[in-house]
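Read the figures in this text as sums done on the coordinates, not as results from a lab. Remember, predicted model here, so these are calculated numbers, not experimental data. We place every Cβ from the backbone using ideal geometry, glycine too, and count neighbours over all the protein chains shown.
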Amino acid sequence: MSSHQLLVLVLIQVIILLLPSIGLAKLFEKAGVPGWKAYIPFYNTWIMLELAERPRHWVFWQIIPVAGWFISLGIYVEFVKTFGKFKFWEHAMAALLPLIYFPLIGYDAKVKFIGAGPVRKHKKGAAREWIDAGVFAIVAATLIRTFVFEAYTIPTGSMEKTLLINDFLFVSKFSYGPRIPNTPLSIPFVHNTLPVTNGNSYVEWIKVPYTRWFPSPVNRGDVVVFNFPAGDTVINLPEYQSLIPYYTVCRSLGRGNIDSGRQIVLGNPDQYPLVIRPVDKEENYIKRCTAIAGDTLQIKNQVLYINGVAQPFPPESQTYYTVVTKGQALDETAMKEQYNVDMSNSEEVRPTSTPNEYDILLTWSAHQKMMNSGLAKSITPDIVDADPGQPVFPFTAIAGNTWALDNYGPLWIPAKGATLTLTPGNYPVYERAIRVYEDNDFVMKDGKFYLNGQPVTQYTFKMNYYWMMGDNRHESQDSRFWGFVPEDHVVGAAALIWMSWDHGVRWKRLFKKIK
C-alpha cells in the first residue's frame, strides 16, 4: 500500500469520526460529559465506549485500514443503546446516517441517557441476530466495493494478451481517489440492471454531483477501468447495449447524419427501447491510458506518438503483422511455445496467397523475439486504413485528412483549466466534451459559437480528459471510436489478477500484477 493510499484511508477514518460531532456533543452533555470532547477524533469514541461500558481497546482497532471504519460504526451502535435505542432501524440510522441521526436524538428532549445497565439486560431474538449480521455484511461489502476495491471480469479480447477473457481482477479505487456514487440509492452488488425483471437497479431520487476524495491523476500507461462515455444512452436490448452503442446506430441509420438517425430511433421505440443512465451506472470498460490531459496524440503506421515522441508498445499488446519466412514451414509446437501463437486458430494465423507469407497476430514481445530469432525474412505491420463503414472519432475529415485506426491524429487531449480557441474545424472534436460532459448548452451557428446563449470564441475546460486504447489494437472499441474519457468517468486502476479460467484454472496467471 502506497503512502498516498494510506493517507486516504486515515483521512476517511477521521471524517467518519468527525461527521456526527454536532449531534454527538449534545448526547455527551446528556450523559454528563463536556460536549467539546465530541470533536476530538478517537478520543470521542473512547468516551462512547466508557459510557457504554464496552472494551476501550476497540478504539485502537479503528486504526486498522478499512476494517477500522466498521469498528467506528459498531461503536456508534453500542453508544445509542445507552439512550434506549434498540430497534433495528435505530441502529441502522446510527451506523449509516450518524450525521443526521445523532442531532435528531441529541436535540430531542424526550431522549434520555439510561446508561449501560439496562443495555446489558436487553436481549435480542435469534431472528434479529441474523438480520443484524446480514445487514452488517452487506453494508461492509458495499463500502469496500465503493471505496476500496471492486472485482471485475474481462468480458472481451480487447486487451489481449495483457488481459485475457475470463481474467478476474481486483480494481483499486484508491489509485485515483474514491469516487462518491452519483446514484447512492441502488441495489447492492448490481451494476445497472436487475436480473429477471431487467429494470434499473437504482433510483435517481437523490443525485450526487461528481465528487472524488483525495483525487490523483491517471498516469500514462495505466490500465484503467472507467464508465463507458458513450453509454449514457443505450438501446436496452441484449444485442445492443454497449456492444453496438446508441450513437453508432444513429450514425448508421442516418448514413453518417446522427440527427437523422436519432429521429429514426426515437420514432421506433418498440424496435429501439432507450435507457438513459447516470455516469456511475454506465457500463464498465477497461483499457490502457495512452494519453493524459494536455497531451497531443498521433498514430503513424501503428506507432503511437505523444507530444511528438514515439511510445513503446506494451509488451503483451497484439496486432497483425505480415511475416515472410526464409522458406521453412512454421512449426506448430515452436510457434506456441516460443511466440504464444496457436497455429490452429484462423484468427491468429492466416496464410496468404504468396508462398511462405503469413498474417500473424503477434504480441510486441513475440514480434521482437521473432525478429531476433532469424525465423523471418521480414515482418511488417498490417496497416488498417480508413473504413467508411466504421468511421472513427470525430466522424468527419479533419484538415482534409481521413483518420484511421493505424494512422490517427494529431489530436490534443483537453486539460482542466486549459483554454481552447474554437474553430469550425475543432468543433466536432470537442463539442461533446463541452456540451455533455461539462453540462453546457453549446452550439455552432453560421460559423459562430454560443455557450449557454452567449457568443464565445474560446472555452476553458472544467475537467481533465484521457485517451484510452485496447492493447489488442485491431480488435478494440476504444477512444478511436468514441473520443475522450472525462475524469468523472474514471473508476479505478486494474491492480491484480486473482483468478483466471479457460476450461480450467490458468495457474500461471493467478496473483499476477497488471502492467
Cα atoms only, the chain: Rg and Dmax in Å?
28.1, 94
Long-range amide H partners of Thr233, meaning residues 5 or more apart or on another chain whose placed amide H is closer than 5 Å, are Arg277
Let me make sure I get this right: for the stretch 318-381, a, b and c are the square roots of the gyration tensor eigenvalues over alpha carbons, sorted descending. Under 1.5 in a/c it's rounded, otherwise prolate if a/b > b/c, else oblate. Which is it?
rounded
Just need the relative contact order of the stretch 397-499 here, percent rounded to a whole number, with Cα pairs under 8 Å and 6+ apart.
26 percent
Among the listed pairs Lys336/Lys515; Lys300/Lys462; Lys161/Lys287; Lys85/Lys207, which are separated by more than 20 Å between their Cα atoms?
Lys336/Lys515; Lys300/Lys462; Lys85/Lys207
Add -39500 (n - 2.57) for each DSSP H run of 4 or more in the chain, then divide by its residues: what number comes out at 222 nm, to the nearest 500 deg cm²/dmol?
-8000 deg cm²/dmol
Using the Karplus curve 6.51 cos²θ - 1.76 cosθ + 1.60 with θ = phi - 60°, what ³J(HN,Hα) values do you get for each residue of the stretch 443-454, in whole Hz, with x for Gly and Pro?
9, 10, 10, 6, x, 10, 10, 10, 10, 6, x, 10
Which loop-located trypsin sites (Lys or Arg not before Pro) does the stretch 204-251 contain, where loop means any DSSP state but H, G, I, E or B and the Cβ has at most 16 other Cβ atoms within 10 Å?
Lys207, Arg220
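Sort the stretch 3-147 into rounded, prolate or oblate with this rule: let a ≥ b ≥ c be the square roots of the eigenvalues of the Cα gyration tensor; rounded if a/c is under 1.5, and if a/c is not under 1.5, prolate when a/b is larger than b/c, oblate otherwise. Working shown, then result.
Values: a/c = 1.72, a/b = 1.18, b/c = 1.45.
Cα axes put the stretch 3-147 in the oblate bin.
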Magnitude of the Cβ-charge dipole (Lys and Arg +1, Asp and Glu -1) of the chain about the Cα centre, nearest 20 debye, reported as 2200 debye
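Quote the convex hull volume per residue of the stretch 139-231, based on C-alpha atoms, as a whole number of Å³. Each step should come with its number before you reach the end.
On the way: hull volume 12.8 nm³, N = 93.
Expressed per residue, the convex hull around the Cα atoms of the stretch 139-231 is 138 Å³.
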In what sequence do His489, His91, His474 fall when counting other Cβ within 10 Å, fewest first?
His474, His91, His489
Three-way shape call for the stretch 370-515 based on the alpha-carbon gyration tensor, with the a/c threshold at 1.5:
oblate
So how tilted is helix 43-52 from the main axis of the chain? Cα-based, degrees 0 to 90, rounded to 10.
50 degrees
Over the stretch 291-354, relative contact order from alpha-carbon pairs under 8 Å, at least 6 apart, %
13 percent
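Please state the relative contact order of the chain as a whole percent: Cα pairs under 8 Å, 6+ residues apart?
Working: 902 pairs, mean separation 73.9, N = 515.
In percent, rounded to a whole number, it is 14.
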Calculate the length of the line joining the C-alpha centroid of the stretch 257-309 to that of the stretch 396-474, in whole Å.
13 Å
Against the longest alpha carbon principal axis of the chain, how many degrees, from 0 to 90 and to the nearest 10, is the axis of helix 364-373 turned?
40 degrees
Can you tell me the 0 to 90 degree angle between the C-alpha axis of helix 67-81 and the longest principal axis of the chain, rounded to 10?
30 degrees
Here the stretch 496-511 yields Karplus 3J(HN,Hα) values (6.51, -1.76, 1.60; θ = phi - 60°; whole Hz; Gly and Pro given as x) of 8, 8, 9, 7, 8, 9, 7, 6, x, 6, 8, 4, 5, 9, 5, 6
Residues whose placed amide H lies under 5 Å from that of Ala293, excluding near-sequence neighbours:
Tyr465
